[in-house]
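Participant: The structure under discussion is supplied below as structure tokens; questions concerning it will follow.
The values are calculated or read from the model by the stated rules, or taken from the named source; none is laboratory data. Since the structure is predicted, the reported quantities are computational estimates derived from the model, not experimental observations. As a convention, Cβ positions derive from the backbone with ideal geometry for all residues, glycine included, and neighbour counts pool all protein chains shown. Note: accessible area is taken over every heavy atom of the protein model, side chains too, but ligands, DNA and RNA are not part of it. Shrake-Rupley method; radii C 1.70, N 1.55, O 1.52, S 1.80 Å.
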Amino acid sequence: MAVLANSATHAHTSEQDHEAHLREEHLMLDPRPRGEMNAMVMESMQTTSWKFWVAAGIMAILVAVCLFYYWGYMIANGLGVAGVNRPIYWGIFLVNTVFWIGISHAGTFVSALLRVFKAEFRRPFTRAAELMTTFGLVQAGLSIFMHMGRVWLSYWLAPYPNQRGLWPNFHSPLAWDFLAINTYLLSSTMYLFLPLIPDLAMARDRSTGWRKTLYRILALGFRGTEGEWTHLRFAMNLFAFAILPVMFSVHTIVSWDFAAAMRPGWSSTIFGPYFVIGALQSGLSAVAMVLIVVRATMKNMKYFIRPEHLDGLGKLMLIISMSWAYFFFNDYMVQWYNGDKWTDALLHFHEEGPLGWMWYAMLIFNVAVPWLTLWNKNWRRNPTLLFTVGLLVNIAMWFERYIIVPTSLSINRFPFTYQFYKPGVEIPLTIGTISFFILLYMLASRLIPLVPVWEVQEGQMAHSLRKFGKETVVTVSDLE
Amino acid sequence: MTDKNMLLAVFSDLDPAAHAVEKLRELGLGDEHLNVISGIPITEAMMGRPHQWTNVPRLALGGALGGFLLGAYLAFVTPTTYPLNVGGQPVIPGPPSVVVLFELTMLGMLISTFVGVFLDSRFPSYTPKEYVPEISDGRIAILIECDPAQEVAIESAMTALGAESVKHAEAQTL
């Protein structure tokens, strides 16, 4: 009898341990009162150390010097101060455009796709990801304006009735770019704002001074009536479904800027999906990096962003890395096989030319590093390691765009025009866009609730522990 | 001038709030006299409330149609004002027009969905409204429009069902 009692006690304790472990592991099973979660998010926004302001100050100086001063310098002196010249008319500005559009993809992917598929682990970090979309697109837009040179004439791109009867040429992928990027920028900003309204109302209810005024204006008078939630819920669902094809179209159209040209290395039918996967590759890695920084530097974020979230993102990064490798090989294989001598020369130039190291680094960081690390659960949950992998993947993806744009333009069918690209003012301007992205994100993290508290609470309501025989398992109810 | 009073019953949990809606109906109050206010989206079915009407789907459809027509104008009409020969393509080419039509249809639909939320919810609205900040702390409030004679019965029924507070709803600046 005593043995049986001991055994029963042991089983009970082990079961309690298992339940405690599940609660510690999953945010959705570890609910706190809504008021407490609200207070935690408000505190994370309002608590700033001197280190934050030093970092923000450095970023602001970098933006002022590298972005505004050098851009002004280029406007005053013309595009000649940049390295773009025959035969390389597309340089780092377009590398950065493609790179930042890629970064912007992850926000929508994480938020919309995971919302459509009801992936519950998305809940605490959808907004942090969506912010990346908007701020990434801002940098992409700035890079396009830099590339234009005569930015004051940029309104010529817009389709509007004018005296001369001239309209943009809708045969051109560049005109499609204008439509697609603007559609994506507007849609992703609206998609960021809609789920933010209830959190702005929450912030309004517990703020004073200028913050109260700001949140009062932005919350638009939201109270949370049945009607308001119904309209909002329908709109958010529609956005989640509709913004995905827009997201895919944007990077596909960006790829057509290259693929529609009859150039070795560019003319490829696989470029659309290859670019989309590349965008997700860099974007997801950037989301992981941002979440790790937010978790480490902002107060109370360790409650909301847990190893389970890093684990989920790490798995996605691994899957996307494998997909990228597949598309890369597909593109490479067909170009290698077709035997065209100019394409063959270009492939050799990529691998054995002066920037061959970049080509190999691209493959190592994009494929070898994620595959060798992210298969391991413990490593995926290690913030330092995941951040390092994310950083290397982003460096690799920037290299990939560099290889596609200026490196591929260096050699062509006219050997007498071969030229090596030497960037000039592009380097400080690149530093400027990176700093501007970080600065915008830092400021937003102090003004906008980064965690959608109402979504977290909704998720916590839907989750519970249930016993199947002797096993306690996590169950999720569909509340919609 | 209405001679109706507005009461605000605040509940800490969903179940008592749902029971309260049922009780209010038993007391003779129609659904049109009740409104549930909450800090998270609670479906009508959970509260036993009638389905809420929204115009957002129709507005989205209208926006998509408008965007499609604008796209059609840009793709099919504007090229005729200044015909350009691009790589031997027709002046009004097929596949590139699909791109323009797709982007503008989606843009029209998404903008009208966004605007639809504003129109249907009457956003922005900064006039004073019946509200308590506890709602965004997770409370569920029922806004009740009733005859003054019913007030006492409603108040005692709500309190019996576990309401944290039942008081006259005062419009306040949010």
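Participant: Looking only at region A:154-168, decide whether some residue is modelled with pLDDT of 90 or more and over 16 Å from A:W100 (Cβ atoms).
Facilitator: no
Participant: Continuing with this model, one more query. Any residue that is open to solvent by less than 70 Å² (accessible area, probe 1.4 Å), within 14 Å of chain A (Cβ to nearest Cβ), β-branched (V, I, T) and not in a helix (DSSP H, G or I) - is there at least one of those in region B:154-168?
Facilitator: No, region B:154-168 contains no residue that is open to solvent by less than 70 Å² (accessible area, probe 1.4 Å), within 14 Å of chain A (Cβ to nearest Cβ), β-branched (V, I, T) and not in a helix (DSSP H, G or I).
Participant: Listed residues A:A82, A:A60; which is away from chain B (no Cβ under 14 Å) and in contact with an Asp or Glu (Cβ under 6 Å, 6 or more places away or on another chain)?
Facilitator: On the way: A:A60 fails: in contact with an Asp or Glu (Cβ under 6 Å, 6 or more places away or on another chain).
Unique residue meeting the criteria: A:A82.
Participant: Taking region A:305-350 only, how many residues are out of contact with any Lys or Arg (no Cβ under 9 Å at 6 or more places or on another chain), of a type in the set (D, E) and touching a residue at least 12 places away in the same chain (Cβ under 8 Å)?
Facilitator: Matching residues across region A:305-350 total 2.
Participant: Anything in region B:54-69 that is within 8 Å of chain A (Cβ to nearest Cβ) and hydrophobic (A, V, I, L, M, F, W, C)? List them, or say none.
Facilitator: Passing the criteria: B:V56, B:A60.
Participant: Take the conditions open to solvent by 40 Å² or more (accessible area, probe 1.4 Å) and more than 8 Å from chain A (Cβ to nearest Cβ) and apply them to B:A72. Does it pass?
Facilitator: Working: open to solvent by 40 Å² or more (accessible area, probe 1.4 Å): no; more than 8 Å from chain A (Cβ to nearest Cβ): yes.
No; evaluated as a whole, the condition is false for this residue.
Participant: On to the next question. Which numbered condition trips up B:L110, out of (1) surrounded by 14 or more Cβ atoms within 10 Å (Cβ to Cβ); (2) over 29 Å from A:Y215 (Cα atoms)?
Facilitator: (2)
Participant: Answer yes if at least one residue in region A:244-263 is more than 18 Å from the chain's Cα centre (by Cα), charged (D, E, K, R) and either surrounded by fewer than 19 Cβ atoms within 10 Å (Cβ to Cβ) or under 23 Å from A:L131 (Cα atoms) (or both), and no otherwise.
Facilitator: Yes, there is a match, as at least one residue in region A:244-263 is more than 18 Å from the chain's Cα centre (by Cα), charged (D, E, K, R) and either surrounded by fewer than 19 Cβ atoms within 10 Å (Cβ to Cβ) or under 23 Å from A:L131 (Cα atoms) (or both).
Participant: Sticking with this structure for a sec: Being surrounded by fewer than 13 Cβ atoms within 10 Å (Cβ to Cβ) and not in a helix (DSSP H, G or I) narrows it down to one of B:P83, B:P95, B:P124, so name that one. Let's see the steps before the verdict.
Facilitator: Numbers: B:P95 fails: not in a helix (DSSP H, G or I); B:P124 fails: surrounded by fewer than 13 Cβ atoms within 10 Å (Cβ to Cβ).
Step by step, each of B:P83, B:P95, B:P124 is checked, and only B:P83 is surrounded by fewer than 13 Cβ atoms within 10 Å (Cβ to Cβ) and not in a helix (DSSP H, G or I).
Participant: Tell me, please, whether a residue that is under 30 Å from A:F99 (Cα atoms) and either among the basic types (K, R) or open to solvent by less than 40 Å² (accessible area, probe 1.4 Å) (or both) can be found in region A:465-479. First the steps, then the outcome.
Facilitator: So in region A:465-479, the residues under 30 Å from A:F99 (Cα atoms) come out as none.
No, every residue in region A:465-479 fails to be under 30 Å from A:F99 (Cα atoms) and either among the basic types (K, R) or open to solvent by less than 40 Å² (accessible area, probe 1.4 Å) (or both).
Participant: Restricting region B:127-146 to residues that are surrounded by fewer than 18 Cβ atoms within 10 Å (Cβ to Cβ) and farther than 23 Å from B:I42 by Cα, which is nearest to the other protein chains (Cβ to nearest Cβ)?
Facilitator: If we take residues in region B:127-146 being surrounded by fewer than 18 Cβ atoms within 10 Å (Cβ to Cβ) and farther than 23 Å from B:I42 by Cα, then B:T127 is nearest to the other protein chains (Cβ to nearest Cβ).
Participant: Follow-up question, since we're still on this one. Restricting attention to region B:90-106, does a residue exist that is at pLDDT 95 or above, at the interface with chain A (Cβ under 9 Å from one of its Cβ atoms) and under 24 Å from the mean Cα position of the chain (by Cα)?
Facilitator: yes
Participant: Scanning for something basic (K, R) and on the phi > 0 side of the Ramachandran plot, does region A:115-135 turn up at least one residue?
Facilitator: yes
Participant: Considering region B:104-135 alone, what residues qualify as being over 30 Å from A:M247 (Cα atoms) and touching a Ser or Thr at 6+ places or on another chain (Cβ under 9 Å)?
Facilitator: Matches in region B:104-135: B:Y126, B:T127, B:P128, B:K129, B:V132, B:E134, B:I135.
Participant: Determine whether region B:136-149 contains at least one residue that is in contact with a His (Cβ under 8 Å, 6 or more places away or on another chain) and not assigned by TED's automatic domain parsing to the domain that holds B:N35.
Facilitator: Within region B:136-149 (the criterion being in contact with a His (Cβ under 8 Å, 6 or more places away or on another chain) and not assigned by TED's automatic domain parsing to the domain that holds B:N35), the answer is no, since none of the residues qualifies.
Participant: Out of the helices (runs of 4 or more DSSP H) lying entirely within region A:36-147, which hold 1 or more residues that are farther than 25 Å from A:A279 by Cβ and touching a residue at least 40 places away in the same chain (Cβ under 8 Å)?
Facilitator: Per the criteria, A:50-62, A:70-77.
Participant: Specify which of the listed residues (A:E426, A:E458) is of a type in the set (D, E) and modelled with pLDDT under 95. Spell out the reasoning first.
Facilitator: Numbers: A:E426 fails: modelled with pLDDT under 95.
Every option except A:E458 fails the conditions.
Participant: Count, please, the residues in region A:182-192 that happen to be open to solvent by 30 Å² or more (accessible area, probe 1.4 Å) and more than 8 Å from chain B (Cβ to nearest Cβ).
Facilitator: 2
Participant: Any chance region B:29-36 includes a residue that's at the interface with chain A (Cβ under 8 Å from one of its Cβ atoms) and part of a helix (DSSP H, G or I)? Give the steps one after another, and end with the answer.
Facilitator: First, the residues of region B:29-36 that are at the interface with chain A (Cβ under 8 Å from one of its Cβ atoms): B:35-36.
When the remaining residues are screened for being part of a helix (DSSP H, G or I), the result is none.
For region B:29-36, residues at the interface with chain A (Cβ under 8 Å from one of its Cβ atoms) and part of a helix (DSSP H, G or I): absent.
Participant: Taking into account only those residues within region A:282-302 that are open to solvent by less than 20 Å² (accessible area, probe 1.4 Å) and of a type in the set (S, T, Y), which is farthest from A:L22 (Cα to Cα)?
Facilitator: A:S282
Participant: Within region B:59-67, is even one residue at pLDDT 95 or above, within 15 Å of the chain's Cα centre (by Cα) and buried (at least 17 other Cβ atoms within 10 Å of the Cβ)?
Facilitator: Within region B:59-67, the first condition is being at pLDDT 95 or above, and the residues that meet it are B:59-67.
Now narrow it down to the ones that are within 15 Å of the chain's Cα centre (by Cα): B:59-60.
Among the residues that remain, those that are also buried (at least 17 other Cβ atoms within 10 Å of the Cβ) are: B:59-60.
Scanning region B:59-67, I find at least one residue that is at pLDDT 95 or above, within 15 Å of the chain's Cα centre (by Cα) and buried (at least 17 other Cβ atoms within 10 Å of the Cβ), so the answer is yes.
Participant: Another question about this same structure. Do any residues in region A:168-181 that are facing another protein chain (nearest Cβ under 8 Å) have Cβ atoms under 7 Å from those of residues that are of a type in the set (D, E, K, R), where the two are at least six apart or on different chains, and which pairs are they?
Facilitator: Hits for this filter: A:L179/B:E103; A:A180/B:E103.
Participant: Here is a follow-up. Restricting region B:33-43 to residues that are at pLDDT 90 or above and under 24 Å from A:D199 (Cα atoms), which is surrounded by the most Cβ atoms within 10 Å (Cβ to Cβ)?
Facilitator: Ranking the qualifying residues of region B:33-43, first place goes to B:G39.
Participant: Sticking with this one: Considering only region A:203-215, state which residues are open to solvent by 70 Å² or more (accessible area, probe 1.4 Å) and either within 7 Å of chain B (Cβ to nearest Cβ) or of a type in the set (S, T, N, Q) (or both). Write out each step before concluding.
Facilitator: Here is the first cut: in region A:203-215, the ones open to solvent by 70 Å² or more (accessible area, probe 1.4 Å) are A:208, A:210, A:213.
Scanning region A:203-215 gives A:T208, A:T213.
Participant: Could you check region B:1-32 and list, in sequence order, the residues that are among the polar types (S, T, N, Q) and surrounded by 13 or more Cβ atoms within 10 Å (Cβ to Cβ)?
Facilitator: As a first pass, look at region B:1-32 and keep what is among the polar types (S, T, N, Q): B:2, B:5, B:12.
Listed by number, the residues that qualify are B:N5, B:S12.
Participant: Also, quick follow-up: With respect to the numbered conditions (1) assigned to a loop (DSSP other than H, G, I, E, B); (2) open to solvent by 20 Å² or more (accessible area, probe 1.4 Å), which one is the sole condition not fulfilled by B:A149?
Facilitator: Unmet condition: (1).
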